[in-house]
Amino acid sequence: MRALVYTQSIPRYLLSRWCYRFWPRRFWPALAPLKVQELSLLAPGPEWIILRNRFCGICGSDLNLLKGAESYLLEPYGSFPAVLGHEVLAEVAEAPPGSEWQPGERVVVEPVLPCEVRGLPPCRYCSRGAYNLCENFTRGKLAAGATIGFNRDAGGGMAEFMAAHPSRLVRVPPNLEDEVAVLTDSLASALQPVLDHLPGEGDTVVVCGAGIIGQHLLRLVRVLVPGARLVAVARYAFQEALARAGGADTVLMSPSREELAAAVGARMLPTTLGGGNPEGGADFFFDCVGSRSSMQEGLLALRARGTYVLVGTAGTLNRVDLSSVWFRELRVIGSAMYGYGHYQGQRVRTYEMAVDLLARGDYPTQGLLTHTFPLAQYRQAFAVAFNKPRYECMKVALDLRK
């Protein structure tokens, strides 16, 4: 089978990191340790299901890997060489005798590789359904790696075929088109923090960052909490239009501190140094950017005992003033991947709920999948994903059907 393989190279990673500092929107295919190769398909266990991949989305974590922008501390949670891609829509090609899966069924693959997949008894987090926090991502019968696409044993979605553990599969309803179903993973990444920190009716919610995760967050809050007041922070005009279509009450384009404070109903207190301090403000701030600036302005935009949720991946953030965390007793928390959550008094599997939301028909997806490419054109696909303003791209995916 043909597969897009990433091979670890520390010199290339560091050089990519240097290039990204000066050319953040340019993809350097000659520098990236990527290559389409012919591989043999190997299933890590007899119970694993053989899948024929149909679509695989390009995620921000894929881009960060190629930019050299991942935190050095995350290195133990990946193993290479690995087939890239964890936003997978596929169909069952082969299943073991007696399996509940049948050839031809369409599925999405939840990419997390916790204890159950590794042949280990559940750790304390897996036993609670929080397998996104599994303590054994580096143990068991699989190589180290928290998800497919970053694991040398478990395969990935940017290939013609892959094997998947049956516990990771979620069926796709017949009415859900491929081009919508491929949004499941990005939707689930936004759904988990919303389920864990669900705003109330009348709450003011800021979604900072209007990329694909931010767009999902806006739509989720609007669908699940219709009475919330939604303020979106966007960077580009095409993101603004999509944010309004997704239900944002107010969209701010790279706002100043004063503009954000006014939008969330805070009043500015002047300071001799530091740019002023808003008082009052939002109840929730979902940070889908993960930069020094977004974190700083998020902490300042919250009212007392407000909640800041770090959704975007972030490494080192220099010179963030944390005085408001103490003075206003803010809750600061991260959100990584997905597992189980609670909604309307019921325990739900986040990935399954994401599929249900996409299939029910009232969740707006128009304009979210903007570009698709065949596997052979992966260089063009990554070049587009790197340069959002030029190509006005939201979600870029590889179409493995071609």
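The values are calculated or read from the model by the stated rules, or taken from the named source; none is laboratory data. Values in this document were obtained by computation on a predicted structure and should not be read as measured data. Here the Cβ is made from the backbone with ideal geometry for all residues, glycine too, and neighbour counts use every protein chain on show.
Structure notes:
- Residue satisfying condition, being surrounded by 24 or more Cβ atoms within 10 Å (Cβ to Cβ), outside any loop (DSSP other than H, G, I, E, B) and modelled with pLDDT of 95 or more, within set 187, 195: 187
- Residue match in region 270-277 (condition: more than 20 Å from the chain's Cα centre (by Cα), assigned by TED's automatic domain parsing to the domain that holds residue 331 and aliphatic (A, V, I, L, M)): yes
- Considering region 254-272, the residues that are without any contact (Cβ under 8 Å) to a residue 12 or more places away in the chain and surrounded by 12 or more Cβ atoms within 10 Å (Cβ to Cβ) include one that is nearest to residue 295 (Cα to Cα), namely 256.
Here is a yes/no grid of residues against (1) outside any helix (DSSP H, G or I); (2) farther than 27 Å from residue 69 by Cα; (3) at pLDDT 95 or above; (4) touching a His at 6+ places or on another chain (Cβ under 9 Å):
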| site | (1), (2), (3), (4) |
| --- | --- |
| 227 | yes, yes, yes, no |
| 240 | no, no, yes, no |
| 272 | yes, yes, no, no |
| 285 | yes, no, yes, no |
| 295 | no, no, yes, no |
| 298 | no, no, yes, no |
| 313 | yes, no, no, no |
| 317 | yes, no, no, no |
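- Scan of region 207-229 for residues that are hydrophobic (A, V, I, L, M, F, W, C) and either crowded, with 24+ Cβ neighbours inside 10 Å or within 15 Å of the chain's Cα centre (by Cα) (or both), ordered by number: 207, 208, 210, 212, 213, 217, 218, 220, 221
- Listed here are the strands (runs of 3 or more DSSP E) enclosed by region 1-69 that have at least 3 residues being under 18 Å from residue 145 (Cβ atoms): 2-6.
- Any chance residue 399 is modelled with pLDDT under 95 and of a type outside the set (A, V, I, L, M, F, W, C): no
- Residue tally, condition under 16 Å from residue 260 (Cβ atoms) and under 18 Å from the mean Cα position of the chain (by Cα), over region 296-340: 1
- Test: residue in region 93-106 that is surrounded by fewer than 23 Cβ atoms within 10 Å (Cβ to Cβ), in contact with a Gly (Cβ under 8 Å, 6 or more places away or on another chain) and of a type outside the set (Lys, Arg): no
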